[in-house]
Amino acid sequence: MRSIITQNLSRVYKSPVEKTGLARSAKGLFRKEFKYINAVTDMSFCAEHGDKIGILGLNGAGKSTLIKMLCGIIAPTSGSVVVGGYTPFQKKNDFLRLVSLVAGNKSQLNPDLSAWDNFRFLKSIYRVPERQFSETARKLTLLLECANLIDKQIRRLSFGERIKMEIVAALIHRPKFLFLDEPTIGLDVRSQESIRKILSDYCAEGDAVLFVTSHNLSDIVDLCNRILVIDGGTLRYDGGLAAFCAHYNTTSEINIEVENCTPRIREIVAGTGIVDCDFTGNMIRIQVEKTFITTVFRELIQKLSNDINKIQIIEPRTEDLLKELLIKGKVK
Amino acid sequence: MISIFLLEGKKLLSYKFQLVFSLLHPLFGFLVQYYLWGALYATQYASGMSYSDDQMFTYYAVASILFVMIKTNSGMIANEFKNGLLDNELVRPINLIKYRLWRSISERCLYTVFYLAMLFLLVAALKISAFGDISLIHLVSFVVFTILSFLISFFLDFITGLLAMAIDEVWAVQAILSFIVNFISGYYIPLLLFPGHIEAIFQFTPFYYLFYFPAQIFTLSRIDQSIMKPLLIALFWVFALVIMSNGICKRLSNGYSSYAG
């Protein structure tokens, strides 16, 4: 069953143009100019229960805008979006009880209250039964190793501790649609892993739909089975992570350690149909097209058998591949 | 709603110094008026005044209590709108207006309890014979009009805060509006001291019911006159402001951009 459907979803922001310099700013007092920014353009996709979707894109690509439209915070300028049978922007209470948002850069909790008081407040507004509330809060705080902090005021917690509390708060009412905007920002490696595990288990148990945006690509790789790649507000890729990597990962790397990197060795390496190579000391890193990897590998072994100390084929980590594709804007 | 009420109270009690010190503003305001009018009543210029000195002190004491009871911070929505901090409320099953209303009720209840204690100590220390002959009917009328006054103040402040939809920075607008409202609502000077036609005009505005009319109930036993007309006008303004707030709130959602990530 399709639980999220968007069709030609677009959002345009009207933003005043701030002129540089005093004279120009003064001129702006009498005539204000605006520019229109297409944050999201004609985006169409569907999601089903159990989907764990990573949204990838550089800063300003439109990731957060997309998430805000999906959870009803902002209205689309055009197009349509249906989440769980509801139009998010109508903000029906029944819809809002199905949704949860964690934005790492903006606290969802009241900083003047303790985490426990925040949880109690959420219990009350989401009408969570007492038993479910106690079980969920206890289980999550134990898993995230923050049970001893629940009586502390949110403003007195460290950044990482606050993020943990945000995650607990987001799951208190067991939402069916979970939107996470940079959920592991500022967390240590162990906490990142705990959060990923909790989220992964949560989605598996409850059949929830998960949307994650993160510049920590391990979040995407560990959590998501599908990715949306956005560039300049436009959806460039929508599909499985493995398929994405297979499609875009066209080269492999061969690393060779030699006794001494002589000109003869350099000449041989350069003549083996490589894409790119790098000589650092006695290490040679060679980029080869995937289709020629066996041929090149065999040729190198034959020609350099007496010089090679060690040779290995390195497949790029998915995170590195994603990073490279995003930075170089190769996803078209 | 009860949870909002209780949690807001708990939050305020976490900052006891802030609570007490913020109450010094109306308390000092009352002291200034007390000495100012005390000095004036000691001269011959006060002979034609509509109030006796005790009535004047009572007026300012009640006005300062009303200041604490009705001054909400619902206008803070301007900051939340500007900085994109409304996300928390927009993504939760909370009514923007009710949520703020209950928080303000809790906040004002707590502030009022503390302020009354402080003011009564001050009044006793200054040996002012304020609040002398208060009948039950005066008290009930005062409570009813104070509730209406609180609601008018809350919604006026809220609507002013919503100006952030049109202009980015509303702090100065809020400050000047607050000053004007305080002036024409009789917080600084009782409207009875203005020319008669001014009071006659002002009674059709919502501001008249913020400070002046409730304070008059204590000061001049205003309840002896017909209460129906002011009650109906005050109720009209409450309903009008509720409808306006709801309408603007819906537009707010459309105009909200949730900046900053």
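The values are calculated or read from the model by the stated rules, or taken from the named source; none is laboratory data. What you see is a predicted model; the values in this text were computed from it and never measured. Because the Cβ atoms are built from the backbone with ideal geometry, glycine has one as well, and the counts that use them run over all protein chains shown. Note: areas computed on protein heavy atoms with side chains; ligands, DNA, RNA excluded. Shrake-Rupley method; radii C 1.70, N 1.55, O 1.52, S 1.80 Å.
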Exercise. Where in segment A:232-332 are there strands (runs of 3 or more DSSP E), lying fully within it, with 3 or more residues that are under 30 Å from A:N8 (Cα atoms)?
Worked result: A:234-240
Problem set entry | Failed condition for A:Y86, given (1) at the interface with chain B (Cβ under 10 Å from one of its Cβ atoms); (2) within 17 Å of B:P93 (Cα to Cα); (3) out of contact with any strand residue (DSSP E or B) (no Cβ under 7 Å at 6 or more places or on another chain) | (1)
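Within segment A:48-67, identify whether any single residue is charged (D, E, K, R) and more than 17 Å from the chain's Cα centre (by Cα), and answer yes or no.
Step one: of segment A:48-67, the residues charged (D, E, K, R) are A:48, A:51-52, A:63.
Right, trim to more than 17 Å from the chain's Cα centre (by Cα) and you get A:48.
The answer is yes, given that some residue of segment A:48-67 is charged (D, E, K, R) and more than 17 Å from the chain's Cα centre (by Cα).
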Problem set entry | Residue count, segment B:8-45 (criterion: within 14 Å of another protein chain (Cβ to nearest Cβ), open to solvent by less than 40 Å² (accessible area, probe 1.4 Å) and in contact (Cβ under 8 Å) with a residue 40 or more places away in the chain) | 4
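How do the helices (runs of 4 or more DSSP H) wholly within segment A:123-211 filter down when requiring 3 or more residues that are within 24 Å of A:P111 (Cβ to Cβ) and either touching a strand residue (DSSP E or B) at 6+ places or on another chain (Cβ under 7 Å) or touching a residue at least 40 places away in the same chain (Cβ under 8 Å) (or both): which remain? Walk me through how you get there before you give the answer.
Numbers: elements: A:130-143, A:159-171, A:189-206.
By residue number, A:159-171, A:189-206.
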Problem set entry | Enumeration of residues in segment B:46-86 that are open to solvent by 10 Å² or more (accessible area, probe 1.4 Å), within 14 Å of another protein chain (Cβ to nearest Cβ) and either in a loop (DSSP other than H, G, I, E, B) or touching a strand residue (DSSP E or B) at 6+ places or on another chain (Cβ under 6 Å) (or both) | B:N73, B:N83, B:L85
Exercise. Is it true that some residue in segment A:61-72 is under 30 Å from A:L325 (Cα atoms), at the interface with chain B (Cβ under 10 Å from one of its Cβ atoms) and out of contact with any strand residue (DSSP E or B) (no Cβ under 9 Å at 6 or more places or on another chain)?
Worked result: no
Exercise. Do you know which residues across segment B:87-98 are more than 9 Å from chain A (Cβ to nearest Cβ) and touching a residue at least 24 places away in the same chain (Cβ under 8 Å)?
Worked result: B:L96, B:I97, B:K98
Seminar exercise, completed: Matching residues in segment A:92-109 (more than 7 Å from every other protein chain (Cβ to nearest Cβ) and farther than 18 Å from A:P183 by Cα) number 4
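Report whether or not A:R31 is open to solvent by 30 Å² or more (accessible area, probe 1.4 Å), in a helix (DSSP H, G or I) and over 26 Å from B:E80 (Cβ atoms). Steps first, answer last, please.
Values: open to solvent by 30 Å² or more (accessible area, probe 1.4 Å): yes; in a helix (DSSP H, G or I): no; over 26 Å from B:E80 (Cβ atoms): yes.
No; evaluated as a whole, the condition is false for this residue.
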